[in-house]
1. If you check 90, 82, 51, which single one turns out to be in contact (Cβ under 8 Å) with a residue 40 or more places away in the chain and open to solvent by less than 100 Å² (accessible area, probe 1.4 Å)?
2. Go through the stretch 74-84 and give me each residue that's within 18 Å of residue 15 (Cα to Cα) and within 11 Å of the chain's Cα centre (by Cα).
3. Just a yes or no: is a residue in the stretch 41-60 assigned to a loop (DSSP other than H, G, I, E, B), over 14 Å from residue 85 (Cα atoms) and at pLDDT below 85?
4. Does residue 36 satisfy the criteria of being at pLDDT below 80, among the basic types (Lys, Arg) and closer than 29 Å to residue 84 by Cα?
Amino acid sequence: MNINHNHILSLLQTGFTTIAVSFEVGMNAADDPTLRARNRNMRVKEYTYKALESDNLKVGDLVVVDSPSEGLTIVEVTRVDAKPRIELDAPFAYK
């Protein structure tokens, strides 16, 4: 396991948790059978972000996140973790 030291620091922080949010991503329906029926060219992808506990987020809330490919984007919260869910070997920085 290749541990990212920034992720260890995240685990030492207090006052935050992690949330999952869903993005609709344009795809080719022929390439992926899991595409949504309502729009055959869109697929939902889930990503994990850090969030302040004081925000009291709930599943279904809409939030603004900074997406690497789209900039500031409105997305739906699909999971709120009771405690931060940080993968120590994740090759990316949690936002």
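The values are calculated or read from the model by the stated rules, or taken from the named source; none is laboratory data. Keep in mind that this is a model prediction, so the values were computed, not measured. With ideal geometry, Cβ positions are generated from the backbone for all residues, glycine too; neighbour counts draw on all protein chains shown. Only protein heavy atoms, including side chains, enter the accessible area calculation; ligands, DNA and RNA are left aside. Shrake-Rupley method; radii C 1.70, N 1.55, O 1.52, S 1.80 Å.
1. Details: 82 fails: open to solvent by less than 100 Å² (accessible area, probe 1.4 Å); 51 fails: in contact (Cβ under 8 Å) with a residue 40 or more places away in the chain.
After applying the criteria, what remains is 90.
2. Initially, the stretch 74-84 is screened for residues within 18 Å of residue 15 (Cα to Cα), giving 79-84.
Within the stretch 74-84, 79, 80 qualify.
3. yes
4. Values: at pLDDT below 80: yes; among the basic types (Lys, Arg): yes; closer than 29 Å to residue 84 by Cα: no.
So residue 36 fails the test.
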